[in-house]
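The values are calculated or read from the model by the stated rules, or taken from the named source; none is laboratory data. Treat the numbers as computed from the prediction; the structure is a model and nothing was measured. Please note: Cβ atoms are built from the backbone with ideal geometry, for glycine as well, and neighbour counts cover all protein chains shown.
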Amino acid sequence: MAWNEPGGGGNKPKDPWGGGDQGPPDLDEALKKLQEKLGGLFGGGKGGGAGKGSGRGIPASLFVVLGLVVVVIWALMGLYQVDEQERGVVLRFGKYYETVQPGLQWNPPLIDDVTTVNVTKVRAASFRETMLTQDENIVEVRMSVQYVIDDPISFVLKVRDPENSLQQAAQSALRHVVGDARMDMVLTEGRAQIGFDVQTRLQRYTNDYQTGIRVVKVNIDESKPPSQVQAAFDDVIKAREDEERLKNEAQAYANGIVPEARGRAQRVTEEAAAYREQVVANAEGEAERFTKLLTEYAKAPEVTRQRLYLDALEKVYTKTSKVMVDVEGGNNIMYLPLDKMVDQSNRTRSGGGNAGIGGATLRELTNSVTEQLRQDAASASTRRGGR
């Protein structure tokens, strides 16, 4: 129904709110009606016509009950549980207040802000980087970092994003260590050492940044050259293996030949030392013999001279089987076949045997030759005197 529809009392428009006048609804009247309804809801009676104004107010007990309910809800909101592996960092009005231990805890809500941090869980982060080594080769390295939160206060308050800082610090440490190493060390036997160096440097970085993170382990999961040069690198590895094999073979050959050569050298050295001792001993013996012979010569010169002469002939004749004798004063040379003479003498004495010139036989032959030579020399002298 329209507001200006005629009806009721003359030309005045009809009130859609049910009032007798034609003005807007009274706000105070609307609030009174609402108060009356709330009073009836919570047990406040209207009390007849005389007590109509006093029964319409909200009782004070209602506000007390509402306050108690709000307080209980607020208190229950402050209860929380901290697990055994967690620690709670409490901020009161945005400022650090305390660190709570495991168990049932309570902090006033809307006043304190609690952040729980797991301090025993081992977390992991992986990285893959392509970098340049010390010998100007490119390698791809995949690394994993295991870490725990060691200081929850620093982890929550001192760095805005500590895990992102850890990632950047790990990349920096890896590039620094790999940049100081050769390619063969990164790809083969140096991976464990590189992981240890990266862990040491990364822990120093995180301590400087005050991230509250403790690095547990750094593993170099994979290191390889870029795929574009993989074939060439395989050839290099094969050549290095061939080099190592040839070195081992050469070392084995050296291990076999060097001791043998040292043994021969030792034997030659010992033989030379023995020969030296022998020569020195012979020389000393000859010198001593000559000294004794000189003493005997001084006692009997003629006999000693004759004996020396015979000994010299004996030495000479033992080394030859034929003797040519130049007769003094004559033009003929006497030929003595000593080997045949010895053979004939041996056959005569023993009826056969080995040929050889003994000392006694040689003396007999020497005496015979000497006597014959003297006789020939005497005859030649007699003939020259008769002429």
| field | Selection within region 72-98 - touching a residue at least 24 places away in the same chain (Cβ under 8 Å), under 52 Å from the mean Cα position of the chain (by Cα) and surrounded by 15 or more Cβ atoms within 10 Å (Cβ to Cβ) | value | V82, E86, R87, G88, V89, V90, L91
| task | Kindly indicate which of E222, E189 is over 30 Å from G94 (Cβ atoms), touching a Lys or Arg at 6+ places or on another chain (Cβ under 6 Å) and at pLDDT below 90. | result | E222
| message | Please pick out the residue among A232, A239, A298 that is over 30 Å from N367 (Cβ atoms) and at pLDDT 80 or above. | response | A239
| note | When restricted to D161, D112, the only residue under 21 Å from G212 (Cβ atoms), modelled with pLDDT under 90 and not hydroxyl-bearing (S, T, Y) is D112
| task | Would you mind stating whether D311 is charged (D, E, K, R), free of Cβ contacts under 8 Å to residues at least 60 places away in the same chain and under 30 Å from S368 (Cβ atoms)? | result | yes
| message | For a quick check of your reading: which strands (runs of 3 or more DSSP E) sit entirely within region 99-180 and have at least 3 residues that are surrounded by 15 or more Cβ atoms within 10 Å (Cβ to Cβ)? | response | 112-118, 138-149
| Filter result (among the hydroxyl-bearing types (S, T, Y), in contact with a strand residue (DSSP E or B) (Cβ under 8 Å, 6 or more places away or on another chain) and surrounded by fewer than 21 Cβ atoms within 10 Å (Cβ to Cβ)) within region 181-224 | S223
| task | May I ask you to say which residue of G10, G103 is at pLDDT below 85, of a type in the set (G, A, S) and either outside the structural domain of I153 (by TED's automatic domain parsing) or under 55 Å from the mean Cα position of the chain (by Cα) (or both)? | result | G10
| task | Give the residues of region 68-92 that are in contact with an Asp or Glu (Cβ under 8 Å, 6 or more places away or on another chain) and outside any strand (DSSP E or B), sorted by residue number. | result | G78
